[in-house]
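Have a look at the structure below before the remarks.
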Amino acid sequence: MTASSFRDYLFTPDHPRVAEIRGLNAREYAEAATRDSFAGPMIEGWQKLYPQPFKGITNDGVLRPGLYPLAPARAGEEAPTAEMTAAARKLLDAVTLEQASRLSYAVDAPEWQSWANPEFMQHDTGLRLDELDAPVRDAVFAVVEASLSPAGFELVRNLMRINGFLGELVELPLLMNEFSYNFALFGEPSETKPWGWQLFGHHAALNCLVMGTQLVVSPVFMGAEPDVIDAGPYQGVAVFKERIALARQLMAALPSELRTEATVYASMVDRAMPEDRLHAGDERHLGGCFQDNRIIPYEGILVADMPPEARAILDAVVEDFIAYLPDGPRAARRSEGCPAPRDHRPLRRELLQLDRRLAR
């Protein structure tokens, strides 16, 4: 019996799911998706959520003022703000006036909430990378690279490469390619005032806000389908392998009673799941696109109850999840003493509110 491959699960070129949209560009497919039996209801549900006034995710619906102090970062925890600002200014110098008008938004614009991670373009925010000349596209990537760790930037680029690989496999290169992503700037690039950028598309979405020495990259969505490239110029690219291995080691390190308690549901699609637990687009991810104000109660087990060997593995899991951050902000996340990566949308809210106060 031969081992299964991701290729066994691909749509054939003549399957209606792909044959009916072949030849459509991103904007044509965005319109067609609204009439699709699968995507249509999903889009309709998302349209009810965007735009809504931004509050941030909480565990109980109660906002906690001062949860993230707006103080200068401690030594060793500073953001690479100078490098980010220089890269963003070079990007602005590289675009035309018309491109600049589509690229830039106010720092507190509702378009922050317009990101989405399906293969179809839900909102045409900013500039579409596959419509840009290579020098401008490279300038965009320079902003992203300056804002992330080397490993983080490489991961993002590999996710984009995998997306292009998938588009080739199903013969939909106009819809899924290495550059079928949107990028936008928010605010004026500055070393002291809040500004940021947004990159989103299929299986890769990042929202980065920086003010002075503080940096937040949240919300973040990073996925892959498949998780490996087995042919072509990027053959050998593989993602998330270590993360999966660490997660399995962590569960194996838990005593049986804790492992049972940590397993919220017995299967990926469980009849015990409430109606809103499994989403057609977000699967089981509760903090996905357009869910900026969602209430997500705590689940699982307390880290304090874990045996030491399990806590050590959990530290490695957390480190893997925040590895995309540059050295300073990554150190700041570790110093928070938090057992898992925190959702920093509340911090983004506080940074934007401070900018409004400074503008008065």
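The values are calculated or read from the model by the stated rules, or taken from the named source; none is laboratory data. These figures come from a predicted structure and were not determined experimentally. Note that we place each Cβ from the backbone using ideal geometry, even for glycine, and neighbour counts take in every protein chain shown. Remember, those area values only see protein heavy atoms, side chains included, never the ligands or the DNA or RNA. Shrake-Rupley method; radii C 1.70, N 1.55, O 1.52, S 1.80 Å.
Observations on the structure shown:
- Filtered residue count, region 229-239, keeping only those that are open to solvent by 40 Å² or more (accessible area, probe 1.4 Å) and not small (Gly, Ala, Ser): 4
- Glu309 vs. criteria out of contact with any strand residue (DSSP E or B) (no Cβ under 6 Å at 6 or more places or on another chain), of a type outside the set (Ser, Thr, Tyr) and surrounded by fewer than 15 Cβ atoms within 10 Å (Cβ to Cβ): yes
- The set of residues from region 321-330 being in contact (Cβ under 8 Å) with a residue 40 or more places away in the chain and surrounded by 18 or more Cβ atoms within 10 Å (Cβ to Cβ) comprises Tyr324, Leu325, Pro326, Gly328, Pro329, Arg330.
- Among the residues of region 41-57, not a single one is more than 30 Å from Glu111 (Cα to Cα) and open to solvent by less than 90 Å² (accessible area, probe 1.4 Å).
- Checked against the criterion of being of a type in the set (Asp, Glu), within 20 Å of Gly288 (Cβ to Cβ) and touching a residue at least 40 places away in the same chain (Cβ under 8 Å), the candidates Glu44, Glu111 yield just one match: Glu111.
- Of all residues making up region 103-140, the number that are under 15 Å from Gly196 (Cα atoms), open to solvent by 20 Å² or more (accessible area, probe 1.4 Å) and in a helix (DSSP H, G or I): 2
Yes or no, residue by residue, for (1) closer than 30 Å to Ala82 by Cβ; (2) in contact with a Cys (Cβ under 9 Å, 6 or more places away or on another chain):
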| position | (1), (2) |
| --- | --- |
| Val144 | yes, yes |
| Arg157 | yes, no |
| Phe183 | yes, no |
| Ala205 | yes, yes |
| Val217 | yes, yes |
| Ile229 | no, no |
| Lys241 | no, no |
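- The set of residues in region 245-268 being of a type outside the set (Asp, Glu), more than 20 Å from Arg284 (Cβ to Cβ) and either in a helix (DSSP H, G or I) or in contact with an Asp or Glu (Cβ under 8 Å, 6 or more places away or on another chain) (or both) consists of Ala245, Gln249, Ala252, Ala253, Ser256, Leu258.
- Scanning region 93-103 finds one or more residues that are of a type in the set (Asp, Glu) and within 21 Å of Ala134 (Cα to Cα).
- Residue pairs whose Cβ atoms lie under 7 Å apart, separated by 6 or more positions or on different chains, with the first residue in region 250-269 and touching a residue at least 60 places away in the same chain (Cβ under 8 Å) and the second of a type in the set (Gly, Ala, Ser) and surrounded by 15 or more Cβ atoms within 10 Å (Cβ to Cβ), are Leu250/Ala310; Ala253/Ala310.
- Which listed residue, of Leu174, Leu185, Leu209, Leu199, is open to solvent by 10 Å² or more (accessible area, probe 1.4 Å) and in contact (Cβ under 8 Å) with a residue 24 or more places away in the chain: Leu174
- Residue that is least open to solvent (accessible area, probe 1.4 Å), among those in region 6-24 that are aromatic (Phe, Trp, Tyr) and out of contact with any helix residue (DSSP H, G or I) (no Cβ under 8 Å at 6 or more places or on another chain): Phe6
- Qualifying residue in region 10-20 (condition: closer than 20 Å to Glu131 by Cβ and of a type outside the set (Asp, Glu)): no
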